[in-house]
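Read-outs throughout are calculated quantities, based only on the coordinates presented, and are distinct from any laboratory measurement. Being a predicted model, the structure only gives us computed values, none of them experimental. FYI the Cβ positions are ideal-geometry reconstructions off the backbone, even for glycines, and counts take in every protein chain you see.
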Amino acid sequence: MAKRKISKKTQKEVVKTAKKYPKITLAIVILLIICLVGCCFLHYKRIITISFLEGIIPQEKVVEDKEEYTVDVQQNVQAGGTIEGAGAFKEGETATLRATANQGYAFVGWFNGATCVSYSQVYTFTVTANTALEARFAPTSGGDGTSTSTDDLQIHFLELGNASTGDCTLIKTGDTEVLIDAGSLQSSAAHLNTEIAKYCTDGKLEYVVATHAHTDHIGAFVGTSSKGVYNGILYTYDVGTIIQFPLTKKEATASNLYGKYLAAVDYAVSQGAVVYTALECWNYENGAQRTYTLAEGITFNILYQKYYETYDTGDDENNYSVCTLLSQGNNHYLFTGDLEADGEESLVTENDLPRVKLYKAGHHGSPTSSSAEFMAVIQPEIICVCCCCGNMEYTDNPLNDFPSQAFVDNVAPYTDKIYVTTITDGNDGFMSYNGTITVSSNGSEVTVNCSNNNTIFKETDWFKANRTWPSNGVGGS
Ligand SMILES: [Ca+2]
Ligand SMILES: [Zn+2]
């Protein structure tokens, strides 16, 4: 038996004292319990370590060495660039992968199996496991990285320099230009000024069309202001004739975009521009014309649809869109802004529409435009979609983001030559899809050459992962 540390006599004295002062004894006991619990808590949180507690509370060994993982990147069959950033990482470290495409190739994305984890050339993520990715590159199908052309007639569907969907189309023949819309945001103006300057070298846009009053079509006409000076297209370029939407539901105020758009138009008029509505053009009012000759044999025609003079009781601004047809001999090119199926029906009824070489996808490839009935009439050979592909800014349904599955279903029976300007990088950013798309012709053959690559939509990885080509589509499913 172990020797007692405290003698029986001492114990008796303690008990006697405790009985004599019960309140003080109770207080001492409670104080000791509080101290013990407090020490245990602090020790558990590892705020302090009191060495004597180590004998009472078993210590868990603190793991100082984190797990090490590898990030491995393979290239796809079409090795078309260099990759940096793969290697070994400790758990929780940040990996930054960087892809650089070789000449003649475009970077497609970082893939985990069939899933694209990022479309961005620089992909940053936290390492929590061994990671095997594939970096995909695609040949630019003869695209030489530019979208220039020496053809008589050129139509440039410009990238907008941001992740927001919008339209900006520049038609050029000689030194005569027609600019249809200037989206997607007021802040797109700085980028678009630079882009337009590549093609419009005389500082004058002979014609400007504003299809309807939505920001993604008129924002960059206004631009942003610095000390009260705006950098929008209508402030930067000499403008000849402005053709605009006859109707809008917007009410102008000094601070809203529509009010600022009207002020920008007023500025252009003060500098010598003339302004007509599409309805005035159709009715030859006040000197306006239905047909403008851009060059010998090349005409720009204002079409009619009922929403030029039918106030839509719904809240659909899109149907007010100005619709135009560019013609060179038997080659026709159709632009309908964001016209919806309702307006398309009117457009078909009110005009003798030809089959077209090119159709700018109405409303960015929305499911509410490019109706089957409309496509059966115009039977487009080439379609350009101006959007930030896969950006869910207008919908929660992945089948409806631009370009939508319904759009694909309706146009597929007529053509698979579909091109898309821009694509989301999977986060809030963007990258070129086809890039700026240039459609051009000398009057017979029509060619397409894009700034990033010439891969048609249905052959792209995004399409294969997110859309299906219908069995009645050109080339089969
Ligand atoms: Ca010009
Ligand atoms: Zn739009």
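How much of the calculated P(r) for the chain lies past 42 Å, in percent of all Cα pairs? Counting every Cα pair in the chain, those more than 42 Å apart make up 34 percent.
Using a simple spin-label model with pseudo-atoms 7 Å out from Cα toward Cβ, Asn427 and Lys204 lie 4.6 nm apart.
Angle check, please: helix 22-44 long axis (alpha carbons) against the longest principal axis of the chain (alpha carbons), in degrees 0 to 90, nearest 10. So the inclination is approximately 40 degrees.
Between Thr291 and Leu36, full extension at 0.36 nm per residue minus the direct alpha carbon distance yields a gain of 82.4 nm.
Projected label points at Asn256 and Lys8, each 7 Å from Cα along the beta carbon direction, are separated by 10.0 nanometres. Could you give the angle, 0 to 90 degrees to the nearest 10, between helix 341-350's Cα long axis and the longest principal axis of the Cα atoms of the chain? With rounding to tens, the tilt is 0 degrees. With the convex hull constructed from alpha-carbon coordinates only, segment 229-277 shows a mean projected area of 3.5 nm² over all directions. Here the simple spin-label model places points 7 Å from the Cα toward Cβ, and for Glu91 and Thr150 these points are separated by 6.3 nm. For the chain, the longest principal axis of the Cα atoms and the long axis of helix 8-20 meet at an angle of about 70 degrees. Straight-line reach from Lys464: taking Cα to Cα under 21 Å and skipping same-chain neighbours fewer than 8 places apart, the lysines in range are Lys417.
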